[in-house]
Structure formats: C-alpha cells, structure tokens
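Step one of this worksheet: look at the structure below.
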Amino acid sequence: MAPAACGAWWVVLWAIVWFGSAWLSSFWPQRIELALDLERTAEPHDWMIPVYASYDLVAAFLPLFCRGWRDYAVLGGTILLQTLVACTIYVVLPQRLAFSTTDTGAVWDWLSGMTNLPHPGLYSYAPSMHVAGAIAIGMFFAPRLGRTAMLALWTWCIAVIASTWMVQEHHLADIASGIVLALLIRPRTVASAPARPTMSS
C-alpha cells in the first residue's frame, strides 16, 4: 500500500503542475508552430497509442521498481523537476499542433470530456515530457540491469519517444528539445547505480 500511496501522491502533484500549465497556456490567443513541412501531411498511427500511454502507466508505478523512498525520490524528483522546467516553457512559449489531421487530439478526448479542462491534445508542447521522462527512467535503471533487460528497457524508451510523433501528440522539435532536457536534468545516481535492481515492497 505504501508504494501505491507514494505513486498516487506523485501523480497528483505532477498532474497539478502539468494541467495547470496547460490551462494557463490555453489563454494565449496566438500560438507558434514548430512543425516541419513533412509533418503537416503525416498520417497518425493510432495503434501506437498503447505505447504512448505506457509511459504514464510506468511513471505512476515507479515506486514498485525502486529500492526505497530515497531511490524513488531521486527519479521521481528528477521527472518533477523536468516537468517544472518544461511547463514554464509551455506557458511562456505557447505552441499548437500543426498536423493536417489535428482537430480534437484523440489521445486526450476522454480526459478533457470528464474534467472540462482545456484540451491538451490540441496543443503541441516542447520539450516533450514523455521523451524527457522516458530517458530519465532509462538512465536511472539501465546501469542496474543485465544486457538483455537493458536492451529491452531502451527499446521501450525509443518506442515511447517514437510514439509521441506517431500518435501526433508532438512534433519533431518537441522530441529534440525533450532529449536536450533529459540530458540537462538527469538522475544524479546514474553513475553509482548498483549492478541489479530490487523492487521496493
């Protein structure tokens, strides 16, 4: 129950920061576009939505994969710090999606309908937190894993990064800036991570 409670608290705090910035950003009448020409005519790949959503599921259950509270505080704190930086940029530099098929932002339809919050899927946010967060998770856990597990982890990270573009939630500029954010704000224990992971109970 304790890891679940910690994960729930982290998700609530993250949601307040992220959706709060989306709400503030929604007040801008004009928004910049960072789309390349090739993206304006790209088709969405809805079959990648589960991969895209898997990041949110993994982020919520991170306590189950950490050794303890300090371990979790490092990784969860890193992603929260990334989020604070990203959300500041969302508010200061409001963007919008420029895919030709963008009309409702299908990934977020259900959440916007239930909460009456501004529809975040209508906008494009750089840097992408799916990208930065997935890389942070990879950096944190990869040094603790064997070769096969490490390969599987980084394959998942790359798939999540690709999915952000394929489901048309982010442009390539969002992905590139997400990678930069992940390299600038990374888990501090990467270099000293033990050889194998242990789950907290």
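A few points about this structure:
- Per-residue HN-Hα couplings for the range 150-167 [Karplus 6.51, -1.76, 1.60; θ = phi - 60°; Hz; x = Gly/Pro]: 5, 4, 5, 4, 5, 5, 4, 4, 5, 5, 4, 4, 5, 5, 4, 7, 5, 8
- For the range 145-169 and the range 3-67, distance of Cα centres in Å: 15
- Working note: Karplus 6.51/-1.76/1.60 with θ = phi - 60° gives the range 169-183 the couplings 9, 9, 8, 4, 5, 5, 5, 4, 5, x, 5, 4, 4, 5, 6 Hz, where Gly and Pro are set to x.
- Placed amide H near Ser100: partners under 5 Å, 5+ positions off or other chain: Thr41, Ala42
- Under-5 Å amide H pairs with Val167, H placed in peptide plane, nonlocal only: His45
- Under 5 Å between amide hydrogens, built in the peptide plane, is the criterion, and for Tyr123 it picks out Leu97 among residues at least 5 positions away or on other chains.
- Within the shell defined by Cβ-Cβ distances under 11 Å, the residues around Leu75 carry a net charge of +3, with Lys and Arg each +1 and Asp and Glu each -1.
- Sorting the segments 43-53, 124-134, 166-176 by their residues' average number of neighbouring beta-carbon atoms within 10 angstrom, most packed first, yields 124-134, 166-176, 43-53.
Bear in mind that the values in this text are calculations on the coordinates, not laboratory data. Computed from a prediction, not measured in an experiment: that's the story for all the values here. A quick note on method: Cβ atoms are made from the backbone with ideal geometry, for glycine too, and the neighbour counts reach across all protein chains shown.
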